[in-house]
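These notes concern the structure reproduced below.
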Amino acid sequence: MEKTVYVKVKENIVLSRLKRGHIHRFQVHLSDNALGVPWKLPVIIVQGKNKGKVLGITAAIHGNELNGISTIFKLINEIDPMKMSGTLILVPISNVPGYLKNQRYFSDNVDLNRIMPGKDSGASSSIYVHHFIKKIIKKFDYLLDLHTASLGRVNSLYIRADLEKPECRNLAYLQNPQIIVQKFDEEGTLRGWANDNGIAAITIEIGNPNAFQHKLIDETLLGVLNTMKFLKMIDGKVKNLVKSTTICDHSFWIYSSKGGIVDVFPAIAQKVKKGQLIAKVYDVFGEVREEIFSSHSGIVIGKNIRPNCDAGTRILHLGI
Ligand SMILES: [Zn+2]
């Protein structure tokens, strides 16, 4: 059924002015495109009946990483604002120009998740994130930033978080991932900026780009609802979902050294042994140019699935 809903364009959102027990939908003006027309960020705010914490969930800051969009849509259907405390701020498409072009980067080909918090003058990407931080992210108490693997790669459902920060470790352990990886907050990332500014934040990597993978989306949703229970935003018992989760104290990529046609063997979330054959690189005549062996024992967090690769391609993301 088609229905046309008029959605207000806002310059700013004032949470205290939004009616409680209600779901609000806005487009927030961040910066302008080459037509002089605003880039409008879709924002859904679930304002609970009672006061409480503000949980922000951002998706598609890389414009082709789409599983988080469906996670947010499913979450809205699960929540009754009349039975909720606090506020959910949901941003299903954080990188609007990237989403329109089905690409990771902003319209000026910059990775938004490397330049946070941006500047109020300078490159178009920098201005966009400056307003994104100022108008949206600063309102959060907690942040779950939803991502997927990059183009040409596939991921497990895994968490990147600085487990040495107690609040981030808590957030990570409330989710329902296959793998949790200790990651210090990288400068320029949304998670890094948030954690430096008093907003406890983790990154949730949900499977593959350019797709809706409903099994992984539903597992992510369980973790989000668990987080809301922990933050006393909704009723219910907090569950221990990490019983079968592998926790890694670090991770790294194994690269090819030759170019050619690459075939990577282990499956996602499979355990591999030190010295195990993990990939072969063929020449264009089908002769093996390189055999790649795992340098350590560990678990497969992500892997390359694009066969045509230059020398020095990321082959396998190994968690230790
Ligand atoms: Zn991403």
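Coordinate-derived values only; no laboratory data. Only a predicted model underlies this, so the values are computations on that prediction, with no experimental measurement involved. Backbone-built Cβ (ideal geometry, glycine too); neighbour counts: all protein chains shown.
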Residues meeting the amide H criterion for V54 (H placed from the backbone, H to H distance under 5 Å, 5 or more places apart or on another chain) are T87, D141, Y142
At a Förster radius of 25 Å, what calculated FRET efficiency corresponds to the Cβ-Cβ distance of I261 and L35, to the nearest 0.05? 0.05
Under the classification rounded if a/c is under 1.5, otherwise prolate if a/b is larger than b/c and oblate if not, where does the stretch 251-319 fall, given a ≥ b ≥ c as square roots of the Cα gyration tensor eigenvalues? prolate
Total charge dipole magnitude, the chain, about the Cα centre, Cβ charges on Lys, Arg, Asp, Glu only, Debye to nearest 20: 1200
Amide proton proximity set for R289, modelled H, under 5 Å, gap of 5+: V281, Y282, D283
Once phi is turned into ³J(HN,Hα) by the Karplus curve 6.51 cos²θ - 1.76 cosθ + 1.60 with θ = phi - 60°, what whole-Hz value does each residue of the stretch 49-64 show in order, with x for glycine and proline? 4, 10, 5, x, 6, 10, 9, x, 10, 10, 10, 6, 6, 9, x, 10
E186 long-range amide H proximity, modeled H, under 5 Å: G192
GluC sites (Glu not before Pro) within the stretch 160-214: which are DSSP loop residues with at most 16 other Cβ atoms inside 10 Å? E164, E186, E187
Relative contact order [Cα under 8 Å, 6+ residues apart], the stretch 54-186, whole percent: 26
Quick check on the chain: of the DSSP beta bridges with both residues there, what percent are antiparallel, nearest 5%? 60
Projected label distance in nm at F73 and K273, using a 7 Å step from Cα toward the beta-carbon: 4.5
Over the chain: helical MRE at 222 nm, DSSP H runs n ≥ 4 each giving -39500 (n - 2.57), nearest 500: -5500 deg cm²/dmol
Assuming R0 = 45 Å, what is the FRET efficiency of I305 and L18, from their Cβ-Cβ distance, to the nearest 0.05? 0.55
Hey, got a sec? Which chymotrypsin sites (Phe, Trp or Tyr not before Pro) in the stretch 252-320 land in a DSSP loop and have at most 10 other Cβ atoms within 10 Å? F285
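Quick one: of K134/K215; K239/K274; K237/K303; K83/K239; K51/K239, which pairs are farther than 25 Å apart, Cα to Cα?
K134/K215; K239/K274; K237/K303
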From Cα coordinates alone, what are the radius of gyration and Dmax values for the chain in angstrom? 20.5, 67
Among all the lysines, which ones have a C-alpha under 18 Å from K165's C-alpha, if same-chain residues fewer than 8 places away are not counted? K183
In order over the stretch 203-209: 3J(HN,Hα) from phi, Karplus 6.51/-1.76/1.60, θ = phi - 60°, whole Hz, x for each Gly or Pro, gives 9, 10, 9, 10, x, 10, x
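Only sites in a loop by DSSP and with at most 16 other Cβ atoms within 10 Å count here; which trypsin sites (Lys or Arg not before Pro) in the stretch 239-302 make the cut?
Answer by residue number: K239, K243, K273, K274.
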What whole number of Å gives the distance from the Cα centroid of the stretch 95-166 to the Cα centroid of the stretch 212-269? 19
